[in-house]
Structures are given as C-alpha cells and as structure tokens.
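The values are calculated or read from the model by the stated rules, or taken from the named source; none is laboratory data. Here the structure is a predicted model, which is why all the values come from computation and not from measurement. Don't worry about glycine lacking a Cβ; one is built from the backbone with ideal geometry, like all the others, and counts go over all protein chains shown. Accessible surface is based on the protein model in full, side chains and every heavy atom, while ligands, DNA and RNA are left aside. Shrake-Rupley method; radii C 1.70, N 1.55, O 1.52, S 1.80 Å.
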Amino acid sequence: MATEHGRTLAEKVWDAHVVRQGDGAEPDLLYIDLHLVHEVTSPQAFDGLRLANRPVRRPDLTIATEDHNVPTTDIDLPIADPVSRTQVDTLRRNCAEFGVRLHPMGDAEQGIVHVVGPQLGLTQPGMTVVCGDSHTSTHGAFGALAFGIGTSEVEHVLATQTLPLRPFKTMAINVHGELQPGVTAKDIILAVIAKIGTGGGQGYVLEYRGEAIEALSMEARMTICNMSIEAGARAGMIAPDQVTFDYVAGRAHAPSGADWDAAVAAWSALRTDSDATFDAEVDIDASALTPFVTWGTNPGQGLPLGESVPDPETIADEGTRLAAEKALSYMDLAPGTPLREIAVDTVFLGSCTNGRIEDLRAAAEVLRGRKVAESVRMLVVPGSMRVRVSAEAEGLDAVFTEAGAEWRQAGCSMCLGMNPDQLAPGERSASTSNRNFEGRQGKGGRTHLVSPLVAAATAVRGTLSSPADLSDTPGDGSEAVLAGTGSGAVDAD
Amino acid sequence: MEPFTQHTGVGVPLRRSNVDTDQIIPAVYLKRVSRTGFEDGLFAAWRSDEQFVLNQEPFRNGSVLVAGQDFGTGSSREHAVWALMNYGFRVVISSRFADIFRGNAGKQGLVAAQCEHSDVEQLWKILENDPGTEVEVDLRDMTVRAKDFQARFEIDEYTRWRLLEGLDDIALTLRHANDIDTFEVSRPAWKPVTTAQPSH
C-alpha cells in the first residue's frame, strides 16, 4: 500500500506489518499480531497442522473461546446436541495439544470472541487481528487492521503467523454532524450499508471519520466496524484517539509503565495524513439520521423506521427489483406497509454487534418499569460472561426479567442459531445482530435488524418501534446513549 | 491440492444475486469437524423446494455454477466452499464475489471465475434454453466456453498460478521463514501476548 504522498490509517498499519514485500506476482506477506480462534472454523485447521506435522508457531499470539455453539441456558450441563458437543470438545483437545489458551463455557472470560479480545485489552491500536469469523472487523474500532479469514487461512496463520495478501483499497466513510438523541451507531452503519450496498465495500478497508464518529464511545465504534463486512468490506477502521486509549488503559493485557508511554506515542501517529488520498469517499449526514431497520433479506435492504415497505415495481434496476421481490416474498411483507406496523414475536438483544454493556444499558433504560408485550418473547444474551457479571452488578438483569425478558448466558446465540436459540419457521424477530439473511436465525425465520433501543421499544409495543413511540412515561433511553461517550469499560472490577 | 487446468461439466444457472454463505450452507450444518460430508447442507433451505434448480434432472449433476452478482457474501465459513466441492462443483462463475469467499475458494481448488454480468446473463440463457449444456472452463487462457459462447474471466494471478501448479500455500510461505524470524525480532516489546499473566 506504499504511496509517494501521505498514507491512510490502513496503509500505515499495513506497511508496519509487511514481512516480505510482494514482487508483483507474489502478494505481500503480512505479519499477524493476534489470532482469535473459536470452535467452528478451527477443527479442520488443527487437523491440517497434525497431518503436516507442523506446530502452532506463536501460541502466545493466539487465544480461543467457545461461542458459536454454546447453549445460553443450563451451561453447567453437557451440551445436549452431540454434534455441537463434539465440536466444542475438539477445540478443547486441540488447544490442549497445541498449547493455545482457551476460555471454555462457564469460564469467567468466556464470551463471543470479538467481545473477549477488546475486554481483555488484547485488541490494541495498530495491530493486525484475524479470526475465522467475518465479524473480526469489530476490532478495527481500535485502529487495528482486523479481518475475517477462512479455515485454510486459519491454518496458515497457526503455522506461520502470517498471511499472503494483496493490499486492500481504501474508502473513507465521512459521517458529518451530530446524531439526534435516540439515534445510535447501529443506525449509522445500517444507513451506510443501505447507501453503498452489500457489495459496495468489496475489496476495500473502510475508514469511518468525522465528528459523529469521534463523538462515539469505543463500544459504539465497535458496533460500526463490526458490520463493515455487511457492506462487503474486508475491514473497517477508526483512528485511535483519547477515547481509545482510555478504554485500553488498565485492561489485563494493556501495556503499563514505560511500555504504556511508548505504546501511546506509537498509537498517536495512527491517523490518516492530511495529504493522503482514499480510493473512494462516501458522505453521510449524521444529523439527518433516524432509527433504521431492515425490511429485506440482506443488510443493505434497510430504511428509516418512519418509512414503509418498498414497492419492487418502482425499482428500475432489474436485479435489484428481483432481489426485492424475493425478499418480500420470503419476509411475507406487502409493499406499502408502514414499517411501524410490522409485528414481531421475538426480540433478540445480543451478538458481537450489540451484546456489550452499553447496549444492555440502553435497552434496559427503555424497559425499566415497562413490560414486554404478551405476544413477544425477548432474549437478552450478554456478549461475554464479563458483560453478564457487569450487568448483574448494575441490576440490569432484574430490569430485563421484571419486564418479562429472558436473561441468558453469554454466546453467539440467536444471531446465527447454531445453538438451541432459534426462530421457528415463519417466526419474525427484531434483532440487534448483524444479518437478516434467509434462515439465518432458524430455518424459515424472518429477521429485522435493529438497534438495542429499537429492540427494547419493539418488545414493549410488539411492532417495530423506537422509544419515541412509547406513550407512557419511563425514560426514552436516549440518556443512556448520550452518556455512552465515556470509556465504556465493561470490567466489573 | 490437486492442480486445476481445465474443467468441462454441466452448467447450473442460479438466477440469484447476493447468495450469502448462510444460503450456501446454513449454520446448523457447520458442526462437523472434517472437511468432507457437507454436501447435504449445500443450499439446504432452497433444496427443500422441488422447483429449485439442483432438483431438476439435468442440473442435479452439475459442476459449473453460474450465479448472480455478489456471490458468497456474509460469513467467512470455508464450509461454503467445502459444501460446493463435496457436492461436485469445480467452478463458480459470477460477476462479483465476496472477498473472503473468493480467498477460501482459491485455497481449496474451487475456481471462482469472475465474468462480466452480461456474460453471466448469456450463460443463463444458454443453460436455460438447453438444460444439460456443458460449460468448459480453462484456467490456462482464463476462458469460459459453452456452445458458441466464449468469454474471458478474471482471477487473481497468484491464485491462478497456485491452482495450475496445485501448490500448498503454507509450504510456499515457509520458504520465507527467515524473513518471518527477522520481522519478529523487530516487533515492539509492548505488543500484547495472550500467555502473559494479567499484570493489573
């Protein structure tokens, strides 16, 4: 990515990790600072190592957690599904054999891999971070170059701590202005994806910039970078600043003493130079945004909550029209239906997108003193055990259970329904997760992606809603969001 | 990895854009710990519909999938590539692939051939008008042929070379082990390690 002029943030991080410059035919060889591992995409990689008699080169730069398969109830019992249990047991055996640190189900540090890395302080600015999971883009919120990889690449990183890669293109996402109360990071990223499309970021690293981004907490920044992949991008990044440093400081694996000073000095240089150029730029006016929800079967099919289900007949492009028709048929929605009138039977609050403490706080503020509608079941699944413990220390669990929601253990849960938390055929959810693909949350299930505030309000009214739609008095949740500009530390200690 | 030079097989028209990896193989099918046996999960939801293209006779044994734009979006699951290959596919043709899917395909020997969308449209028409038509994909001259139709496709040059030679990516990288050793010495000491005892 070397250029004659100034460099972007992504180019700086890339350049600092080139082990061997490519020669045109061969790609660059990039060093990987942190490799996150989970049970689904790693068994075949460890098998490959065994077959070739190769060790894990840097177990000290590798960490594993159990997240995709784990149940969110009865975690003291063996996993009921024997195939899931085998996959989890396989991870445990592999980690023991190859010397990789593992946080298993029930462990105090267990959780979704993208929640665990940051909260341990392992995710730091300027690093390269990979994981066999597309939502690795989450870690870009720290100014790290973080991207998802497949199992062959997992094996490659385990064996060599490097990846052969061609430089990515760069795209600036300039988010100007100030968010209105009740509008969140989730609404920003859904609006970005609706604007550039699910393939718009293909081949790019997105750098989110502008006042609206700088005003966000670390957790909100993670929500935005998390969904970069839904725009097709390899990664999303935000330049580290004082908010970032404050979040990292004092965490278990953060540098300390003289090391901290050296690290901050290095991190402070991780900003796009004023004379650097991006390959593409997109502008978003944050002040014009309102709560955003999806109506279709890909994350780009979204609209402001105040609008109605679109009419495919009015879409000029044939491919887009066909996709909209298929989506509406699958979602069982009629064109012209106001989005606010869409009734759901399930609300899912959790995932690596919105399963952190600030997300739970925002939703709890809406639910405090209110009840989940009779027709709705609401699952609250903390992103990690640590988030769960923090929430309980603040009494959020009581707010959720008194409202009628289920308070669960940590994991990926209904985001992808690999564990028992699934939609039944025909069921419809408002979900704070990241993908509304056909069947994503269970075969035949229908998903509307929403923010935690919209999820909570929807749970109360039973139809897609924002806190502003709630007529009774308890807080509208906006104060929790406005307060979410601090360190956002999730530690209970 | 088996070298790939040329393949001829029945083309399967999949008239859908944004075929995400949850459609290619739903999460409930990802629990196996091997690289084989994923064919049952391939397009599992769509295959329960008897009208789905892979349930139609001449297409059932297809090996060249011709799909709409943005194929393989979403999850990084390499199981999507394994499911396609376990089923019998050797090539997917689309006008745009998701980055991670394309990378995974290249590692496993599934050719992700990127064509103009107009070429995809033409192939769809040929395959629908004469079901069972064979499509020839030649990696040497990066050309796809079906009946009188012929078009060039794009594929990353390094991936093409590795596929033609059937080379193992890890072995290639380990030729540069000395460079990796040298780089590691230069890494700042304050970079985190996962094994250290928490210091605070």
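Tabulated results
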read-out: Members of the range A:337-348 found to be within 24 Å of A:Gly444 (Cβ to Cβ) and exposed (fewer than 15 other Cβ atoms within 10 Å of the Cβ), listed by number; value: A:Thr337, A:Glu341, A:Ala343
read-out: Residue among A:His68, A:His17 that alone is in contact with a Cys (Cβ under 7 Å, 6 or more places away or on another chain) and within 9 Å of chain B (Cβ to nearest Cβ); value: A:His68
read-out: Residue within the range A:50-65 that is part of a helix (DSSP H, G or I), at pLDDT 95 or above, open to solvent by less than 60 Å² (accessible area, probe 1.4 Å) and in contact with a His (Cβ under 9 Å, 6 or more places away or on another chain) present; value: yes
read-out: Unmet requirement for A:Ser433, which otherwise passes all of (1) of a type in the set (S, T, N, Q); (2) in contact (Cβ under 8 Å) with a residue 60 or more places away in the chain; (3) in a helix (DSSP H, G or I); value: (3)
read-out: Filter result for A:Gly199 (within 14 Å of chain B (Cβ to nearest Cβ) and crowded, with 22+ Cβ neighbours inside 10 Å); value: yes
read-out: Residue among A:Leu289, A:Leu270 that is touching a Pro at 6+ places or on another chain (Cβ under 7 Å) and surrounded by 15 or more Cβ atoms within 10 Å (Cβ to Cβ); value: A:Leu270
read-out: Only listed residue being free of Cβ contacts under 8 Å to residues at least 60 places away in the same chain and of a type in the set (A, V, I, L, M), chosen from A:Val83, A:Val40, A:Val56, A:Val70; value: A:Val83
read-out: Condition check for A:Val100: open to solvent by less than 20 Å² (accessible area, probe 1.4 Å), within 10 Å of chain B (Cβ to nearest Cβ) and touching a residue at least 40 places away in the same chain (Cβ under 8 Å); value: yes
read-out: Subset of the range A:406-425 that is away from every other protein chain (no Cβ under 13 Å) and open to solvent by 10 Å² or more (accessible area, probe 1.4 Å) - its residue that is farthest from A:Arg377 (Cα to Cα); value: A:Gln409
read-out: Selection count where residues are farther than 19 Å from A:Leu120 by Cβ, open to solvent by less than 10 Å² (accessible area, probe 1.4 Å) and touching a Gly at 6+ places or on another chain (Cβ under 6 Å), scope the range A:373-405; value: 1
read-out: Elements of type helices (runs of 4 or more DSSP H) contained in the range B:1-88, each with 3 or more residues being at the interface with another protein chain (Cβ under 10 Å from one of its Cβ atoms) and at negative phi; value: B:21-24, B:44-47, B:79-87
read-out: Near pairs, Cβ below 7 angstrom, 6+ apart or cross-chain, from the range A:217-245 (closer than 18 Å to A:Leu122 by Cβ and within 13 Å of chain B (Cβ to nearest Cβ)) to any residue that is outside any loop (DSSP other than H, G, I, E, B) and of a type in the set (Phe, Trp, Tyr); value: A:Ala235/A:Phe147
read-out: Of the criteria (1) part of a helix (DSSP H, G or I); (2) open to solvent by less than 10 Å² (accessible area, probe 1.4 Å); (3) within 14 Å of chain B (Cβ to nearest Cβ), which one A:Val454 fails; value: (3)
read-out: Residues satisfying the stated conditions in the range B:97-122, i.e. over 12 Å from the mean Cα position of the chain (by Cα) and facing another protein chain (nearest Cβ under 9 Å); value: B:His117
read-out: Residue in the range A:325-345 that is in a strand (DSSP E or B) and closer than 18 Å to A:Ala424 by Cα present; value: yes
read-out: Single residue of B:Leu139, B:Leu174 found to be open to solvent by 60 Å² or more (accessible area, probe 1.4 Å) and aliphatic (A, V, I, L, M); value: B:Leu174
read-out: Count - residues of the range A:380-405 that are in contact with a helix residue (DSSP H, G or I) (Cβ under 6 Å, 6 or more places away or on another chain) and outside any helix (DSSP H, G or I); value: 5
read-out: Any hit, the range B:55-74, residues being out of contact with any Gly (no Cβ under 7 Å at 6 or more places or on another chain), more than 24 Å from A:Pro299 (Cβ to Cβ) and among the β-branched types (Val, Ile, Thr); value: no
read-out: The listed residue being touching a helix residue (DSSP H, G or I) at 6+ places or on another chain (Cβ under 7 Å) and assigned by TED's automatic domain parsing to the domain that holds A:Thr136, out of A:Pro82, A:Pro104, A:Pro71; value: A:Pro104
read-out: A:Glu365 vs. criteria in a helix (DSSP H, G or I), touching a residue at least 24 places away in the same chain (Cβ under 8 Å) and more than 14 Å from chain B (Cβ to nearest Cβ); value: yes
read-out: Residue check, A:Ile315 over 27 Å from A:Thr184 (Cα atoms), of a type in the set (Val, Ile, Thr) and open to solvent by less than 70 Å² (accessible area, probe 1.4 Å); value: yes
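Matching residues to (1) among the acidic types (Asp, Glu); (2) open to solvent by 20 Å² or more (accessible area, probe 1.4 Å):
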| site | (1), (2) |
| --- | --- |
| A:Gln21 | no, yes |
| A:Asp33 | yes, no |
| A:Phe46 | no, no |
| A:Val70 | no, no |
| A:Asp89 | yes, yes |
